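Take a look at the structure below.
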Amino acid sequence: MNDQRIQEKLSILADAAKYDVSCSSSGGKRKNEDKGLGNAEGMGICHSYTEDGRCVSLLKILLTNHCIFDCAYCVSRRSNDVKRAAFTVDEVVELTMNFYRRNYIEGLFLSSGIFSSPDYTMERLVRIIRKLRTEHRFNGYIHVKAIPGASEELIQEAGLYADRLSVNIELPSEMALTTLAPEKNYEEILTPMAQIRDGIIQNKEEKALFKKVPPFATAGQSTQLIVGASQENDLQIINLSDSLYKGYGLKRVYYSGYIPITDDARLPQVTHPPLIREHRLYQTDWLMRFYGFQADEILDPAHPFLDLEIDPKLAWALRNRQVFPVDINTADYEMILRIPGVGARSAKRIVAARRFGPLSLDHLHKFGVVLKRAKFFLTCRGQALEKRDYDEQTIRRQILFGSGSVRSALVTQQLDLFAQAS
Amino acid sequence: MAISRFSASSVPVVAAAPAARRVVPALSNVPLDYAYDGTFEGLLTVLFTVYDRKAAPNSIQPTGAVQGGLFVQPVEVETNEAAAARVWKGLLQYMDAEARTRLFHTFLSEQPDRELVIFRYADLAMRAGRDISEHYADDNVRRVQRLAQQMYREKHRMEAFVRFEKTQDGLFHATIEPDFDVLPLIAAHFTKRYADQRWLIYDRRRHYGLYYDLHRTDIVQFDGGAMPQRSTAVSATVLDEREPLYKLLWQAYFDHVNIPERKNMKLHRRHMPLRYWKYLSEKQPREQRFEPIRNKRPVQPGGPALGAGAAVTE
Ligand code: SF4
């Protein structure tokens, strides 16, 4: 390896890959057998954090940023005048092994621009991960992007070595895809997605029947949606995610606030990436996956956009005042989980601790419940903390601007940005 | 010390049915100040002594660290491995293995009052007649939970923030200074993960390390605590010749995955507190100036800073 050249390649190909948001290395289950290198056990580790506060868990790179396609939202698109580079198979293998040995990373996240043809590109991706798994006995985490249009056999083989396979949908509607990524179509994206889904299901069934079955993408598949590059509303986006979770068995849908990277006339001219919107979409996604919310409880045709000022759980509670207040000493776990200001951990604690005796407000505070928020929605031994019956707007104002109001670092930062912009 | 209240031989360890529990004696004698050798076994021996003497502790402190003025005459408890083992085993009659591990973690947390916290938790557990690990309304239970959580977080951090450097003889070496004594907790993780390379993780604050020799992991100490001052002080001459390159590549990677438009140092520091930066190679000064990849054209004048200056391509 030529030191200087490899550094330049790494810089270019890491830079080009960084807009793909999924970094999670969780859900991997790979043991280190026969004293090879590495393992992936459930919870992934963030080995570092970028200055924008994102987790650095994997060596996330493109094999190459040469691309024959011309997707408007992408830095690597054919018509963009950028520095191009391509790794060799061995360079990626060496980098992965050496970063891993130094405890820099949990594994590799490999994607690529489409060089020459989808199969040509996919074949190289497969060669890299095969080499890591078989020659180097590497058991760390591997996430590979399936190249849209690549052959079934190649995707199948990738599934043997990768912990996670994903295909990026990128745009939340077919119409947006046609305008912004003319060479792509939904079918080409959904076909490999279905194939991966079926591979995973088949693998699970075979595992139940036979002892020794080669693994297939055991950590499941994920995808990414770009938010703000096209006109879809939040309802459309959330419905799409919902159908991907339900119809394609996806493990994660990632939302990526569109960052202005080109002045292509097909794209909206925005000055700031829609970070709060992205954040609210993640919160909604979270509510659907872990809090038992249905998509249509959070958004409906009358309210197609998420409230940017308050989180979707609070927004839901304000629209559904009739189900509150909830008594924390008697209500079901599911209802307690729906109280704004009560997270999953505090809800679990409440349900566990009340078996030892009735809980007081003081306990709630100690369990980490955000009372500023929760006080409007709960009672404790039949007593309400907030005696007056406020209307929706007042509660909203109090939570947002009242003394000790709670705001995440992200929201504060974004509000600062708004203030500067206006 | 012949009479044991924790006699594990007469009570089946697993049978935690209330009927099988011993009646815990009231601590009816005058409370005492206890001193011990600072080891976990020592502390378990103190617990044994407390119930043997029926004298609750006023204080439990390592010998030499005893505070409380001239008038405190602590009872020096000599560590007794057999008694300690009996107490350790006996605890399982009153709590599950996980809760018992939390007590060990509380000990490793090095809190000044850790001994009393452990005593109070154990005493409460023995008298409660049922599993108290979820009795969050109790301050002491919550404290143990919290300390265990903090320990877990520190363990997790060390699993993340260890940065190995390869030396000429193929040893992967790292120095750490964790908030708590977590080496015992991270040994299993590193042993499993780095099974095909020799490694050493040295806790500079506590002057000992873990060393894996391709077969097993041991605790190692160095004469006079003389270890290199910091990770980079494994002098450049003994480092593998490729080591500087990988450090450089890692720094380059770190710089280029950052998205400047999303910069948020507050969040950055919350995840990676300043005190850990010393041993993180990506937070060390760069030998070469960072040159952003200038792929992007500013969307409009006055837009967010998109890398430094105008795009190369224009
Ligand atoms: S195919 Fe992928 S790499 Fe190529 S332009 Fe489209 S999004 Fe970018």
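The values are calculated or read from the model by the stated rules, or taken from the named source; none is laboratory data. If you're wondering where the values come from, they're calculated on a predicted model, not measured in any experiment. Note: ideal-geometry Cβ built from the backbone for every residue, glycine included; neighbour counts use all protein chains shown. Calculation scope for accessible area: heavy atoms of the full protein, side chains included, ligands and nucleic acids excluded. Shrake-Rupley method; radii C 1.70, N 1.55, O 1.52, S 1.80 Å.
Please tell me if A:ARG252 is open to solvent by 20 Å² or more (accessible area, probe 1.4 Å) and in contact with a Ser or Thr (Cβ under 6 Å, 6 or more places away or on another chain). Don't jump to the end; show me each part of the working.
Working: open to solvent by 20 Å² or more (accessible area, probe 1.4 Å): yes; in contact with a Ser or Thr (Cβ under 6 Å, 6 or more places away or on another chain): yes.
When the stated conditions are applied, A:ARG252 passes them.
Considering A:ALA150, A:ALA217, which residue is of a type outside the set (Phe, Trp, Tyr), within 16 Å of the ligand (Cβ to nearest atom) and open to solvent by less than 40 Å² (accessible area, probe 1.4 Å)?
Step by step, each of A:ALA150, A:ALA217 is checked, and only A:ALA150 is of a type outside the set (Phe, Trp, Tyr), within 16 Å of the ligand (Cβ to nearest atom) and open to solvent by less than 40 Å² (accessible area, probe 1.4 Å).
Can you report the number of residues in the range B:133-161 which are touching a residue at least 24 places away in the same chain (Cβ under 8 Å) and β-branched (Val, Ile, Thr)?
So the answer is 1.
Looking at A:ARG124, A:ARG137, A:ARG197, can you tell me which residue is within 16 Å of the ligand (Cβ to nearest atom), modelled with pLDDT of 75 or more and charged (D, E, K, R)?
A:ARG124
Looking only at the range B:134-149, decide whether some residue is open to solvent by 30 Å² or more (accessible area, probe 1.4 Å) and either away from chain A (no Cβ under 12 Å) or touching a Cys at 6+ places or on another chain (Cβ under 9 Å) (or both).
Checked the range B:134-149: no residue is open to solvent by 30 Å² or more (accessible area, probe 1.4 Å) and either away from chain A (no Cβ under 12 Å) or touching a Cys at 6+ places or on another chain (Cβ under 9 Å) (or both).
Filter the helices (runs of 4 or more DSSP H) completely within the range A:310-380 down to those with at least 1 residues that are at pLDDT below 90, crowded, with 16+ Cβ neighbours inside 10 Å and within 14 Å of chain B (Cβ to nearest Cβ).
Correct list: A:344-353, A:361-366.
Go through the range B:245-301 residue by residue and tally those that are modelled with pLDDT of 85 or more and β-branched (Val, Ile, Thr).
Summing the residues that are modelled with pLDDT of 85 or more and β-branched (Val, Ile, Thr) in the range B:245-301 gives 1.
Just to verify a result, which residue in the range B:170-200, among those that are closer than 16 Å to A:PHE99 by Cα and not in a strand (DSSP E or B), is most open to solvent (accessible area, probe 1.4 Å)?
Selected residue: B:ASP196.
Could you run through the range B:235-267 and say how many residues are within 18 Å of A:ILE105 (Cβ to Cβ) and facing chain A (nearest Cβ under 7 Å)? Explain how you work it out, then say what you get.
Let us first name the residues in the range B:235-267 that are within 18 Å of A:ILE105 (Cβ to Cβ), namely B:242-243, B:245-258.
Now restrict to residues that are facing chain A (nearest Cβ under 7 Å): B:245-246, B:248-250, B:252-254, B:256-258.
Number satisfying all stated conditions: 11.
If you check A:MET175 against the conditions, is it within 16 Å of the ligand (Cβ to nearest atom) and assigned to a helix (DSSP H, G or I)?
No: the conditions fail for A:MET175.
Taking the range A:53-90 on its own, how many of its residues are more than 16 Å from the ligand (Cβ to nearest atom) and buried (at least 19 other Cβ atoms within 10 Å of the Cβ)? Can you show your working first?
The initial filter retains those residues of the range A:53-90 that are more than 16 Å from the ligand (Cβ to nearest atom), namely A:53-59, A:88-90.
Among the residues that remain, those that are also buried (at least 19 other Cβ atoms within 10 Å of the Cβ) are: A:53-54, A:56-59.
Final tally of qualifying residues: 6.
What's the total number of residues in the range B:157-169 that are within 7 Å of another protein chain (Cβ to nearest Cβ) and either closer than 20 Å to B:GLU110 by Cα or surrounded by fewer than 20 Cβ atoms within 10 Å (Cβ to Cβ) (or both)?
1
Can you say whether B:ALA26 is surrounded by fewer than 12 Cβ atoms within 10 Å (Cβ to Cβ), part of a loop (DSSP other than H, G, I, E, B) and at pLDDT 85 or above, as far as the supplied structure shows?
Yes; evaluated as a whole, the condition is true for this residue.
Do the conditions hold for A:SER112, that is, is it within 14 Å of the ligand (Cβ to nearest atom), under 23 Å from the mean Cα position of the chain (by Cα) and either open to solvent by 10 Å² or more (accessible area, probe 1.4 Å) or hydroxyl-bearing (Ser, Thr, Tyr) (or both)?
Yes: the conditions hold for A:SER112.
Any idea which residue in the range B:115-130 is nearest to the other protein chains (Cβ to nearest Cβ), counting only those that are in contact (Cβ under 8 Å) with a residue 60 or more places away in the chain and surrounded by fewer than 20 Cβ atoms within 10 Å (Cβ to Cβ)? Break it down into steps so the answer makes sense when it comes.
Of the range B:115-130, the ones in contact (Cβ under 8 Å) with a residue 60 or more places away in the chain are B:115, B:118-119, B:122-123, B:126-127, B:129-130.
Remaining after also requiring surrounded by fewer than 20 Cβ atoms within 10 Å (Cβ to Cβ): B:123, B:127, B:129-130.
Values: B:ASP123: 17, B:ARG127: 14, B:GLY129: 12, B:ARG130: 9 Å.
Here the answer is B:ARG130.
Within the range A:154-208, how many residues turn out to be among the acidic types (Asp, Glu), open to solvent by 40 Å² or more (accessible area, probe 1.4 Å) and in contact with a strand residue (DSSP E or B) (Cβ under 9 Å, 6 or more places away or on another chain)?
0
Select from the range B:73-102 the residues that are open to solvent by less than 50 Å² (accessible area, probe 1.4 Å), part of a helix (DSSP H, G or I) and closer than 17 Å to B:VAL50 by Cα and list them in ascending order. Steps first, please.
Initial filter on the range B:73-102 (open to solvent by less than 50 Å² (accessible area, probe 1.4 Å)): B:74-75, B:77, B:79, B:83-84, B:87, B:90-95, B:99-100, B:102.
Now drop any that are not part of a helix (DSSP H, G or I), which leaves B:83-84, B:87, B:90-93, B:99-100, B:102.
Passing the criteria: B:ALA83, B:ALA84, B:VAL87, B:GLY90, B:LEU91.
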